[in-house]
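The structure appears right after this line, and notes come after that.
Read the figures in this text as sums done on the coordinates, not as results from a lab. In this text, all values refer to a predicted model and were calculated from it rather than measured experimentally. Cβ coordinates were reconstructed from backbone atoms using ideal geometry, including for glycine residues, and neighbour counts include every protein chain displayed.
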């Protein structure tokens, strides 16, 4: 039988009223004759209360125990969803992560799914039941409860879809789909009909919080089509798949932006081959996420490395650099705050030279200085002053005719 | 190594402040060189919120899903307790019911423990860890989460103590121990130093809510000493064990009372041997708890059966009787509300005839009418008007010199 996995979270299950609404959507799929698996995320309010209680007891609670604590939140959501489905007259059963066979590594708070042992899900589906899985959680090899961290419920949904050969995953969110840019800030932003995994991956990594990169990667790996759709409105969402038709020859298909970026620059008197590796090894060991990296080794100038980090990791990064100054062998460190990153994304870029040049030219005409540049096959990111971020994004959205993106 | 099981619940874990207090008590036992297992019950506030959400969704939520829902509450408590112990500098690990090996039958909301597979608890104890078990929950043969119903956490504590050969179970409650009567109502009620399992069983069944009968039965079966003690004050509690010294020749060792009792009387024109069995089979099938039963078959009078039920089950009981009138073959049903049950309990009674007579005589002198009587080897219960309940209890407490009960 054809199978579908539906993921509900955040706003979609924020209250019992919303859970009843969600139940209707799951029931509609069941009535179409599909096998239905529902994956729920944690309920936001509950998670906040749990976090407060843990903080009251300890500033440094063990991650194992935090997983025991926080996993209850999606367990509550899954039971409530099952009750709502039963109340609607359908046979439903909730499963925790360990019951659903979500086997993970032992990295508490941020575990990775290793395998899905689907026998129990299969058994319930064979009985005609709607299976509701508490997302974001699993069990490690030593039978400890783990949670998956950010994007865990979406990742759970895609992993289960792959394991049971589902036709599709529907992600119900508080947005109607994937837009060419954030419609709250960019005039004329349009919802895309389709987007490729690779484009979505760039968007996910570039400050667009619709779908976590882990979920997109997994969907790409197993070639599972995913639809991003509204949990409130019954409108067509955006289909995520391998290859998309280039709509109206749009080379660039999205503009993303992210504020609160800080640039750190480290300069060397004497620079060795190991300098770069050493620097980023130390930062990684201290769990500081580095984004754009620019290395400048120019004759006559002292060598330097610049990289961007998020505002919330700034203090920690400075602390690490200070402590490691001797071992890393750099002579000075400098930083610039108040920056933002603006990116253009599109699979068509790879075969269209000159896209970056057109981007830089437009920004120059807008009078917006470009501080750093980073490129991939399908995106170009620039670091600009934060005050210019929205203007830059709007200008690029217009430059690449994104307001003309076709939806339906 | 000597082992102890500590049960904390209700008031003892109502807030993070209280959880820190509890941690001190567990740590004190650990510092005495004992292996320590802690059993937590659900956090009251959380359980209420969960119940409300379930009710919002359904008046008749499935018990399986309610178990998934409510089991999160003691899981939260266990994780918070483990965090508090870790913050105090001790190695601690929380376990859910299934992780702790609590194997139960499949009767959701009211499951019975079948076995405790202790290998995981043993492993953690061997590593010197304080093991915190989420009480009130287990797992059935089909790997579904179950909860144990009323008294579940105490029962869990005693079951684990039996399985790991613990020396003792300490139940931390909001009372200081077992009293000769409820000190809130009875002048001169004294805390008992010791009480036998059988006496405690009668007390538990007679409206004294200190310890659930299931836990007492299990403790008696495995001969596990249990101490009932205060979670707030560091004072000696009451030791529950098989044989107790009769203190100062006290034949009666406790007076218990329970209000909101309703008497139902059913009369027959023609009474057969099957009438009694049929009546109580139908009531049991409808889950109506019947307490005292009095059958009167007197020549010249129509036969009748009277029995007591709790106020909250009255409407349901009437409904059942009405629906079954034909099949049960009775001719009339009558009821009396506003009744209470007062009981005297003591192991010494069996070998002391005349205790019941002395009780009735005192009540007669107090002018309190006795509506029904029920006796066992170690207790006598009478049903009296609710308005006379406290007076009756005080009179009996005085009659049997309970104010002279020795504590320490």
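The antiparallel fraction among DSSP beta bridges confined to the protein assembly as shown stands at about 60%. For segment B:255-404, the extents of the C-alpha atoms along the principal axes are 54, 32, 27 Å, listed from largest to smallest. Over all orientations, segment A:39-165 has a Cα convex hull whose mean projected area works out to 7.6 square nanometres. One-quarter of the Cα convex hull surface for the protein assembly as shown, in nm²? Its average projected convex-hull area is 43.0 nm².
Taking the three principal axes of the alpha carbon atoms in segment B:86-137, the coordinate ranges are 39, 21, 10 Å, sorted in descending order. Against chain B, whose longest principal axis is taken from its Cα atoms, helix B:355-366 shows a tilt of about 70°.
The tail of the calculated P(r) for chain B beyond 41 Å holds 21 percent of all Cα-Cα pairs.
Of all DSSP-defined beta bridges confined to chain A, some 60% are antiparallel rather than parallel. Taking A:68, A:282, A:244 as the candidate residues, the one with maximal mean-square fluctuation in a Gaussian network model of chain A, Cα springs under 10 Å, is A:282. In this assembly of identical copies, the label point of residue B:323 (Cα plus 7 Å along Cα-to-Cβ) is separated from its counterparts by 6.9 nm, sorted shortest first. Put the Cα centre of segment A:118-195 next to the Cα centre of segment A:29-73 and the gap is 15 Å. Taking every residue in B:59-66 and counting other chain Cβ atoms within 10 Å of its Cβ, the average works out to 5.
Give me D for segment B:362-408 in µm² s⁻¹, whole number, from Stokes-Einstein with Rh from the Kirkwood sum over alpha-carbon pairs, 10 °C and 1.306 mPa s. The Stokes-Einstein estimate is 135 µm²/s. Helix-only arithmetic for chain B: the sum of -39500 (n - 2.57) across DSSP H runs with n ≥ 4, divided by the residue total, places the mean residue ellipticity at 222 nm at -11000 deg cm²/dmol. Based on the Stokes-Einstein relation at 4 °C and a viscosity of 1.567 mPa s, and on the Kirkwood radius from alpha carbon pairs, segment B:132-184 is assigned a translational diffusion coefficient of 98 µm²/s. Stretching the chain fully between residue A:242 and residue A:272 yields a gain of 6.6 nm (0.36 nm per residue, less the alpha carbon separation).
Length available on full extension from residue B:365 to residue B:401: 0.36 nm per residue minus the Cα-Cα distance, which gives 11.3 nm.
Chain B residue nearest the axis that carries B onto A, by Cβ, with distance in whole Å, is B:72, 2.
How big, on average over all directions, is the shadow cast by the Cα convex hull of segment A:14-64, in nm²?
For segment A:14-64, averaging the hull's shadow over all directions gives 4.9 nm².
Our summary gives segment A:297-408 a relative contact order of 25 percent, counting only alpha carbon pairs under 8 angstrom and 6 or more residues apart.
Remark: relative contact order (chain B) = 15 percent; criterion is Cα-Cα distance under 8 angstrom and separation of 6 or more residues. Calculated translational diffusion coefficient of segment A:92-180 (20 °C, 1.002 mPa s; Stokes-Einstein with Kirkwood radius over alpha-carbon pairs) equals 159 µm²/s.
Per residue of peptide B:284-291, the mean number of Cβ atoms on other chains within 10 Å of the residue Cβ is 0.
As a proxy for reagent exposure, B:67, A:198 were ordered by neighbouring Cβ count within 10 angstrom, fewest first; the result is A:198, B:67. Label zone (residue B:284, point 7 Å along Cα-to-C-beta; backbone nitrogen cut-off 16 Å) within segment B:149-175: none.
According to the Kirkwood relation over distinct C-alpha pairs, the hydrodynamic radius of segment B:117-261 is 16.5 Å. Between B:365, B:168, B:263, the residue with the greatest mean-square fluctuation in the GNM of chain B (Cα pairs under 10 Å linked by springs) is B:365. Look at the alpha carbon pairs under 8 Å that are at least 6 residues apart: their mean separation over the length of segment B:3-174 gives a relative contact order of 31 percent. Here is how far apart the residue B:117 label points are across copies: 1.1 nm, shortest first, using a point 7 Å from Cα toward Cβ.
With its label point put 7 Å out from Cα toward Cβ, residue B:286 sits 7.3 nm from the same residue's point in the other copies, in order from shortest. Taking the Kirkwood radius as Rh and the Cα radius of gyration as Rg, segment B:145-212 has a ratio of Rg/Rh equal to 1.01. Placing a label point 7 Å from the Cα of residue B:60 along the Cα-to-Cβ direction, the residues of segment A:88-102 with a backbone N closer than 12 Å are A:88-89.
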